[in-house]
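> Next up is a structure, given as structure tokens.
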Amino acid sequence: MILLIATGWTIYCIVCLLTIWICYKSYPSVVLFSRQWYYLRCLPRLPTHWLWGHLHIIDGSEKMMLHFLNYYATNDIKLSAIWFGPFIAAAHCYRPETIKIVLKERKAHRLYRMIIPWIGTGLLVANDEKWFRSRRLLTPAFHFGVLKPYVQVYNECVQTLIEKWAKLASSTESVEICDSVSLLTLDVILRCAFSYKSDCQDLGKQSPYVTSVCALSRLLVQRLLYIPHQSDFLFYLSPSGREFRRACKIVHDHSDKVVRDRKTVLEEQIKKGEPLQPTGGRKYLDFLDILLTSKDEDGVGLTDEEIRAEVDTFMFEGHDTTAAGIFWTLYCLAKYPDHQEKCREEIRTVLDGRESFEWEDLKSLSYTTMCIKEAMRLYPPVPHYFRDLSEDTIIHGHLIPKGTFVIIGALEVHRQPDVWENPEEYDPLRFLPERSEGRDNFAYMPFSAGPRNCIGQNFALNEERVVIGKILHKFSLQLDDNHVVEMVPQVILRAKYGVKLKFNLLADNCTE
Ligand code: HEM
């Protein structure tokens with residue numbers, strides 16, 4: 001019996017030490033770690049298992065999330081701890097007043113280090129002075145003057161998808177939409193970032209670059225969800241780690257070549273004293289043009305490596321996120337045909353017989369925009385993001401020590417019953433100006449808030465408006481009643497079994 005207990009304790013200690021080593025080896029300060037353990041122990045929480053903490057119930061499912069939320073609401077818990085084993089915990093923030101405090105924090109979380117081999121220290125993972133300088137240099141790339149011509153890119157790309165879906169429209173079978181929407185947004189970002197026409201929507205993932213970008217996103221999610229792979233050593237020994245390295249190399253070689261070639265062309269233009277203009281028959285300046293020419297106040301621009309990092313960051317941040325925004329909105333509109341019809345009326349009025357949207361049309365799509373915003377409230381494409389506290393902070397009367405891992409729950413704050421009336425109801429009109437008055441700025445944050453909010457939010461919203469607008473103009477959407485749609489909060493909010501819709505060509509489109 002004594003032997004059994006001793007063995008049990010030994011295994012327990014080894015598991016704890018391994019967990020600490022895996023998660024905290026970049027934080028050698030034992031004092032820092034012990035303080036976190038001591039103070040986070042005092043935070044309220046859902047009952048824990050003595051060994052697993054909450055690990056055994058964290059399965060990333062919709063059911064788990066509702067379980068946490070119900071427990072917090074029933075017990076009036078405003079800030080809680082989530083335990084990953086017996087020693088490691090995170091502060092879980094899901095109230096506007098709490099999020100306001102932690103989003104002042106500018107430091108990217110240490111988990112983001114796993115993306116660095118792919119996107120370098122681009123804006124998403126940069127800290128301190130580097131982040132500040134990059135943010136200033138990148139801001140002009142999202143000026144409306146740059147975004148304006150992209151509307152034609154959105155129109156063209158969604159047309160490819162519409163033609164694909166039109167062939168399936170007469171069938172009684174429903175169509176799974178998430179993968180096709182993801183290829184659409186990849187097509188868009190490839191064209192807008194560096195004018196790469198990959199034809200990925202028609203060819204699927206045939207290009208090694210496209211395959212590698214998709215593989216990197218998939219491998220990153222797998223790595224985040226598998227605790228032993230949080231260790232670089234174990235991850236890069238595994239087949240997934242080796243695949244990750246190979247994909248990084250392909251993506252970097254491609255981006256390097258694109259940056260080098262474009263730089264040569266732009267240098268030629270500058271030598272000839274010509275103003276910055278699109279090259280290669282393009283009608284618009286892409287992000288790469290802007291990045292290559294932007295300079296800080298000392299006249300210093302970004303290095304080739306920094307430019308590559310930013311281009312890769314746009315690939316990572318601007319592709320799957322926007323796809324999730326689009327497919328969850330299509331899902332909501334299929335589920336609520338009245339709202340779908342109201343959007344369609346608005347779209348018909350705005351297009352007035354035309355097939356494509358112009359920049360000026362976008363501001364008139366107010367009902368459609370409210371439907372998109374409401375879909376992103378119920379289904380925020382980035383359901384959680386993370387911070388490390390850089391100093392001791394008092395939140396709701398609790399001391400949360402420096403270095404604490406903070407989980408910010410956009411998904412949770414968007415469903416708080418005392419912030420949102422009937423939070424589970426899809427009600428786009430809650431975004432009417434008169435109903436938004438007085439709402440806390442931190443109650444709605446699909447694009448985050450504070451100094452590190454999403455730099456690409458206008459780009460994404462414009463893309464969503466055009467894509468949804470053109471799809472609703474062509475088809476009426478219907479849910480497949482036999483298909484279960486269940487959200488899975490991973491890095492992006494996914495649908496566990498995909499989203500399946502039936503597409504019916506609208507009468508005025510059938511004769512074309
Ligand atoms: C619906 C689409 C999108 C959503 C929901 C979204 C959401 C977010 C969120 C929540 C963050 C904060 C992440 C954090 O603090 O850890 C963020 C940051 C960022 N996003 Fe987006 N994003 C979207 C589209 C885009 C697009 C299209 C681009 C670029 C073309 C982009 C580029 C970035 C960058 C560079 C950052 C880092 C900003 C910084 O740290 O200063 N995003 N995004």
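The values are calculated or read from the model by the stated rules, or taken from the named source; none is laboratory data. This is a predicted model, so every value here is computed, not measured. Every residue, glycine among them, receives a Cβ derived from its backbone with ideal geometry; neighbour counts consider all protein chains shown. Note: areas computed on protein heavy atoms with side chains; ligands, DNA, RNA excluded. Shrake-Rupley method; radii C 1.70, N 1.55, O 1.52, S 1.80 Å.
> Label Asp304 and Arg41 with points 7 Å out from Cα along Cα→Cβ: what is the distance between them in nm?
Computed distance between label sites Asp304 and Arg41 equals 5.5 nm.
> Separate question: Distance in nm between label sites at Asn127 and Asp480, each 7 Å beyond Cα in the beta-carbon direction?
Going by the 7 Å Cα→Cβ label model, 4.5 nm.
> Can you work out the accessible area per residue across region 22-151, with the rest of the protein chains kept in place, probe 1.4 Å, in square angstrom?
Here the residues of region 22-151 average 46 Å² of exposed surface.
> Using mean Cβ contacts within 10 Å as the protection proxy, how do 273-285, 334-346 order, highest first?
Order by mean packing, descending: 334-346, 273-285.
> Further question on the same structure: What does the charge dipole of region 91-235 about its Cα centre add up to, to the nearest 20 debye, if the Cβ of each Lys and Arg holds +1 and the Cβ of each Asp and Glu holds -1?
I would put it at about 780 debye.
> Still on this structure, I have one more. Accessible area of region 272-377 with a 1.4 Å probe: how many percent of it is carbon plus sulfur?
50 percent
> Something else now. Check every DSSP H run in the chain and write down those whose alpha carbon atoms cover 30 angstrom or more along the long axis and whose mean Kyte-Doolittle hydropathy is 0.5 or greater.
Those that pass (Cα extent of 30 Å or more, hydropathy at least 0.5) are 2-24.
> Something else about it: I'd like to check one number: the per residue accessible area of region 416-464, probe 1.4 Å, reported in Å² as a whole number.
For region 416-464, the solvent-accessible area averages 47 Å² per residue.
> Taking the alpha-carbon centroid of each part, what is the distance from region 113-179 to region 345-388 in angstrom?
Centre-to-centre distance over Cα atoms comes out at 15 Å.
> Which cross-chain or sequence-distant (5 or more) residues have an amide H under 5 Å from the amide H of Leu43, H modelled 1.01 Å from N in plane?
none
> Next up: Given the peptides 430-436, 159-165, 77-83, 186-192, arrange them by the average over their residues of other C-beta atoms within 10 Å, most packed first.
186-192, 77-83, 159-165, 430-436
> So, one more: How far, in nm, would the chain grow between His56 and Arg282 when pulled straight, counting 0.36 nm per residue and subtracting the alpha carbon separation?
Extra length available between His56 and Arg282 comes to 76.0 nm.
> What is the dipole size for region 168-272, taken about its Cα centre, with +1 at each Lys and Arg Cβ and -1 at each Asp and Glu Cβ, in debye to the nearest 20?
560 debye
> Estimate the FRET efficiency between Glu97 and Asn422 by the formula 1/(1 + (r/R0)^6), using the beta-carbon distance for r and 22 Å for R0, to the nearest 0.05.
With a Förster radius of 22 Å, E is 0.55.
> Let me ask something additional. Just going by the charge dipole of the chain, with Lys and Arg at +1 and Asp and Glu at -1 on Cβ, which of Gly120, Gln277, Ser182 is farthest out on the positive end?
In the chain, that residue is Gly120.
> With r as the distance between the Cβ atoms of Ala6 and Lys271 and R0 = 56 Å, compute the FRET efficiency 1/(1 + (r/R0)^6) and round to 0.05.
Given R0 = 56 Å and the Cβ-Cβ separation, E is 0.15.
> Within straight cross-link reach of Lys272, meaning Cα distance under 26 Å, which lysines are found once same-chain residues fewer than 8 apart are removed?
Here the lysines satisfying the reach criterion relative to Lys272 are Lys257, Lys263, Lys283, Lys295.
> Grab the Cα-Cα distance for Thr293 and Arg136, subtract it from 0.36 nm times how many residues apart they are, and report the gain in nm with one decimal.
Gain in length upon complete extension: 55.2 nm.
> How large is the charge dipole for the chain, taken about the Cα centre, if only the Cβ atoms of Lys, Arg (+1) and Asp, Glu (-1) carry charge, to the nearest 20 debye?
1420 debye
> Rounded to the nearest 500 deg cm²/dmol, what is the calculated helix-only ellipticity per residue at 222 nm for the chain, with -39500 (n - 2.57) per DSSP H run of length n ≥ 4?
Taken over the chain, the calculation gives -16000 deg cm²/dmol.
> Let me ask you something else. Do you know the Lys pair count in region 346-483 for C-alpha distances under 22 Å, with sequence separation 8 or more or different chains?
5
> Does region 196-311 come out rounded, prolate or oblate by the C-alpha gyration tensor, with a ≥ b ≥ c the root eigenvalues, rounded set by a/c under 1.5 and, if not, prolate when a/b is larger than b/c and oblate if not?
prolate
> Considering amide H positions built from the backbone, and no H for Pro or chain starts, which residues 5 or more places from Ile395, or on another chain, come under 5 Å of its amide H?
Excluding prolines and chain starts, which carry no amide H, the hits are Ile400.
> May I ask you to order 493-504, 130-141, 89-100 by the average number of other C-beta atoms within 10 Å around their residues, highest value first?
Descending packing order for the listed peptides: 89-100, 493-504, 130-141.
> Also, I was wondering about something else. Compute the Cα gyration tensor for region 460-512, then decide on rounded, prolate or oblate, letting a ≥ b ≥ c be the square roots of its eigenvalues: rounded whenever a/c is under 1.5, prolate when a/b is larger than b/c in the other cases, and oblate in all that remain.
oblate
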